[in-house]
Amino acid sequence: HLPTAELQALDAAHHMHPFTDGDELNAKGARIITRAQGVYLTDSNGIEILDGMAGLWCVNIGYGREEMAEVAARQMRQLSFYNTFFQTSHPPAIHLAAKLAEIVPGDLNHVFFNGSGSDSNDTNLRMVRVYWALKGKPEKTVVISRWNGYHGSTMGAASLGGMKGMHKQGGLPIPGIVHINQPDWWSEGGDMTPEEFGLMRARELEEKILEIGEDKVAAFIAEPVQGAGGVIIPPDSYWPEIRRILDKYGILFIADEVICGFGRTGNWFGSQTFDLRPDIMTIAKGLSSGYLPIGGSMVSDEVASVINSDEFAHGYTYSAHPVAAAVALENLRILEDEKIIDTVRADTGPYLKAKWEALTNHPMVGEAKIVGMMASIALTPDKASRAKFAAKEGTVGLICRERCFANNLVMRHVGDRMIISPPLVISRGEIDLLIERARKALDETYEKVKA
Ligand code: PLP
């Protein structure tokens, strides 16, 4: 391909990047990634970077698996495309749907395929309205979600999300979506214990239901662990109380498993790790380990029986794309046959946990949180008071992210929290390297922030 500088110039001239400041991009140029293998990316200058984020929390089986390429090529030769509209189907969709029904918890035995996490959540928004209308309760339309949650970028999904910056652009949320606060004890817990705080935040759901009227609430949506919000792992008191409230008012629960699904928390699904028992589950990312775009809405026997009682006038051209479905099925085979999730739960997960939690001995690291292979640390000038830096929120986090990148480690920042979500196949040796580079980046950030 072209030399790096030429690629960067063309990129800045013609390519609009998601979540990127165009002026900054023009000034610095993008880092161009040309290859990837296992947990490593290679840039256009031949430098290897340890990917602590598995791309965008998605490359669970690691990069460059030959079997995935072979399955894609085979499927493309055999049936490159057909749809599943108007009473047609095809083997990759059928086998993938059946496999998913086998591995999901509870009776979420039915899947509606979508192209991504965002449009899966848009499907869910429509589906819960259709469900209640078919049950004779068309006034149940409101969906409750959480501030700082992330559910995607379409009008519907960004409205479900609680990213205020996104809401500001384009006048979101759309009507019918309301938010409650998140269970982020480190930032917002004040003098309460984490458990008291978790209960308080869960009870906001009940307050919101009563405020809106239970006859109007269709569903509650939440990620088992808020990912893009900063890997916020709730206090233990939180989920049981949420479950109690949902049961009390008979409200549908959508667990957005786009990040937590397919092994990220050490079980197939975050719903198992936190005993959530959802009625609907959003899946994407790790479903195909990012090899091709595919998402899905998994629904319970009850929800499916109601939705299927009429024609659901909804579908994307690429719902159940045969090549994406075949690749997803192969991804599930690899996860299962190679016992990748078992290894995360019993070996590499605990290994990373010990090293990650030890980062709190760094002068700038407050709490360290981790479940399975997703983790965060809070950066702070004063651990005891959980203080924030004087500089604008996110300034120190951004410095740290840049120091990580300079040390050939991808680690993301959310405000002044640093987060990782490496490929699930990361080895002990690679974990050692990740921690070594993270410590170096933290030291360099500390030097800059102290000055
Ligand atoms: N839901 C969650 C929890 C996510 O983290 C994301 C993406 O990061 C989405 C939904 C949106 O998925 P996509 O980017 O595939 O549209």
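The values are calculated or read from the model by the stated rules, or taken from the named source; none is laboratory data. None of these values were measured; they are calculated from a predicted model. Because the Cβ atoms are built from the backbone with ideal geometry, glycine has one as well, and the counts that use them run over all protein chains shown.
Quick notes on this one:
- Within segment 364-423, considering residues that are of a type in the set (Gly, Ala, Ser) and in contact with a His (Cβ under 9 Å, 6 or more places away or on another chain), the one modelled with the lowest pLDDT: 394
- Matching residues, segment 225-277, being of a type in the set (Phe, Trp, Tyr) and part of a loop (DSSP other than H, G, I, E, B): 262, 268, 269, 274
- Here residue 351 passes the criteria (1) assigned to a loop (DSSP other than H, G, I, E, B); (2) not small (Gly, Ala, Ser); (3) not assigned by TED's automatic domain parsing to the domain that holds residue 97 except the one numbered (1).
- Every residue from segment 144-160 that is within 24 Å of residue 213 (Cα to Cα), within 8 Å of the ligand (Cβ to nearest atom) and not hydrophobic (A, V, I, L, M, F, W, C): 149
- Single residue of segment 207-224 satisfying the filter (in contact (Cβ under 8 Å) with a residue 40 or more places away in the chain and part of a helix (DSSP H, G or I)) that is farthest from the ligand (Cβ to nearest atom): 215
- Selected residue [in a strand (DSSP E or B), crowded, with 16+ Cβ neighbours inside 10 Å and away from the ligand (no atom under 16 Å from the Cβ)] from 50, 25: 50
- Residue check for residue 397: among the small types (Gly, Ala, Ser), under 21 Å from the mean Cα position of the chain (by Cα) and either farther than 23 Å from residue 269 by Cα or surrounded by fewer than 15 Cβ atoms within 10 Å (Cβ to Cβ) (or both): yes
- Residues that are away from the ligand (no atom under 16 Å from the Cβ) and in contact with a helix residue (DSSP H, G or I) (Cβ under 7 Å, 6 or more places away or on another chain) were ranked within segment 225-241; the one that is nearest to residue 366 (Cα to Cα) is 235.
- Counting the residues of segment 15-34 that are out of contact with any helix residue (DSSP H, G or I) (no Cβ under 6 Å at 6 or more places or on another chain) and in contact (Cβ under 8 Å) with a residue 24 or more places away in the chain gives 3.
- Within this structure, residue 186 passes the test of being more than 15 Å from the ligand (Cβ to nearest atom), in the same structural domain as residue 223 (by TED's automatic domain parsing) and of a type in the set (Phe, Trp, Tyr).
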